[in-house]
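Structure record follows, encoded as structure tokens.
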Amino acid sequence: MTPWPSRIAARYLWTARKQRHIAFLSTISILGLAIGVFALLISIALLSGLQDQIKARLMESSPHLLIEPAGSNTIDDADAIAAAARRLGMSDVRPLVSGIGWGANEGERRGRPVRIRSGSILLPPGAIALSRDTAAAIGLNTGDVVTIVAPRTRLTPFGPVPVWRKYKITRLIAPALDDRSTEAVLPFDEATSLLGTNGKPTSIEMYGSVERAEDIQSRLQRQFPNVQVKTWKEINRPIFLALRLEKIVLFATISLIIFVAALNLISSLSMMILEKRPSVGVLRTLGATEGNVYSLFLQVGLFIGITGTLLGNVLGIGAATLLDRYHLARLPRDMTFLSYLPFALDTSDIVLINAIAILLSIVATWYPARIAARLDPINAIKEEV
């Protein structure tokens, strides 16, 4: 059997439709909560969809495991590490040599620091590939000669002098995307000779199973404690941190809409309490306790809050699903790498949004319900007379 406070709460809500001002405020509260939940769901879905695309591209462009030396500049047992990684499931293992040098245009006396890296690009002897922005910065183009000064010296009868070599630019590669991107590419043998690593790599990139990357990382780290093993997540940790912070800020900002809607709930419930003061007085004289009255109006507010939250869920989840499944939010192909805006909703996000909406509804309902519970029954009945 339904408790009597619940039955009276349902009756108050049903009769409120005949009182236009209370019905109007209740409707505004429901719509406000629905719009807030909808806006938060659709915004988080869009942000999650875009972040999933970014993470997918990071998985494609970043090595699944990166081996770096610890306490030295080169990896001594690179062959053993590569063999162990292949046995564990890493299908593509790439020993690399990288370092910072100085790229110079001797004719115009211009230069800048250049990040050098060995690569799989096929180059003739004495050739180099430069990024377009690096070549433009020092005023060179395909066919020109660039002087690369290595970050080391060699002893001569006149003392230590820098190690430098001249290369012909035979290819321009894509511009560097960040400060750590490759700006100059040389064959492995030439890079190790220029940078003086004696044929040893300075890092090893591994590609294979993304799902097993962390398991393989722990096994390699135990087997080879003299190197650092990083997964693709650790390599891109600053980017992931920025994405997480972006989601938190967006979540907090859009949640203010739900907060404003909760303030409207205070107004509508306060108006209902004013209208029902005589009824509350009668209930108190018939034996209702403060807790009964408090529970009654708390249920009224929760019904309004839950109704608005459910309506917002229907609109938000439905819109996100339709927009993503049928690619309704299309983008120009020549402006971005995406052809449409992706939408993705995690169950945890939906649960958190609903929890916030219900919690704010409870907080907004608490004060008016508390005031109603503390009404003096004698004074409340006199108002009816």
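The values are calculated or read from the model by the stated rules, or taken from the named source; none is laboratory data. What you see is a predicted model, and the numbers here were worked out from it, not measured in a lab. FYI the Cβ positions are ideal-geometry reconstructions off the backbone, even for glycines, and counts take in every protein chain you see.
When you scan the stretch 123-140, do you find a residue that is touching a helix residue (DSSP H, G or I) at 6+ places or on another chain (Cβ under 8 Å) and outside any loop (DSSP other than H, G, I, E, B), even just one?
no
Quick test of your reading of the structure: I273 fulfils all but one of (1) at pLDDT 85 or above; (2) surrounded by 13 or more Cβ atoms within 10 Å (Cβ to Cβ). Name the failing condition by number.
Of everything listed in (1) at pLDDT 85 or above; (2) surrounded by 13 or more Cβ atoms within 10 Å (Cβ to Cβ), I273 misses just condition (1).
Going residue by residue through the stretch 144-153, is there one that turns out to be without any contact (Cβ under 8 Å) to a residue 24 or more places away in the chain and either part of a strand (DSSP E or B) or in contact with a Ser or Thr (Cβ under 6 Å, 6 or more places away or on another chain) (or both)?
Checked against the condition, which is being without any contact (Cβ under 8 Å) to a residue 24 or more places away in the chain and either part of a strand (DSSP E or B) or in contact with a Ser or Thr (Cβ under 6 Å, 6 or more places away or on another chain) (or both), the stretch 144-153 yields at least one hit.
Within the stretch 300-327, can you find the residues that are aromatic (F, W, Y) and more than 22 Å from A23 (Cα to Cα)? Before the answer, list the steps.
We begin by selecting, within the stretch 300-327, every residue aromatic (F, W, Y); these are 303, 326.
Selection gives Y326 alone.
Tell me the residue from F303, F259, F251 that is of a type in the set (F, W, Y), assigned to a helix (DSSP H, G or I) and surrounded by fewer than 16 Cβ atoms within 10 Å (Cβ to Cβ), please.
Going through F303, F259, F251 in turn, the sole match is F259.
Looking at L331, L286, which is the one that is under 22 Å from A45 (Cβ atoms) and not acidic (D, E)?
Numbers: L286 fails: under 22 Å from A45 (Cβ atoms).
Step by step, each of L331, L286 is checked, and only L331 is under 22 Å from A45 (Cβ atoms) and not acidic (D, E).
Among what's in the stretch 98-122 and is small (G, A, S) and not in a strand (DSSP E or B), pick the residue that is surrounded by the fewest Cβ atoms within 10 Å (Cβ to Cβ).
Within the stretch 98-122, the match that is surrounded by the fewest Cβ atoms within 10 Å (Cβ to Cβ) is S120.
Does at least one position in the stretch 259-269 carry a residue that is under 21 Å from I304 (Cα atoms) and among the aromatic types (F, W, Y)?
Among the residues of the stretch 259-269, at least one is under 21 Å from I304 (Cα atoms) and among the aromatic types (F, W, Y), which makes the answer yes.
State yes or no: is V229 assigned to a strand (DSSP E or B) and not polar (S, T, N, Q)?
Numbers: assigned to a strand (DSSP E or B): yes; not polar (S, T, N, Q): yes.
Criteria met by V229.
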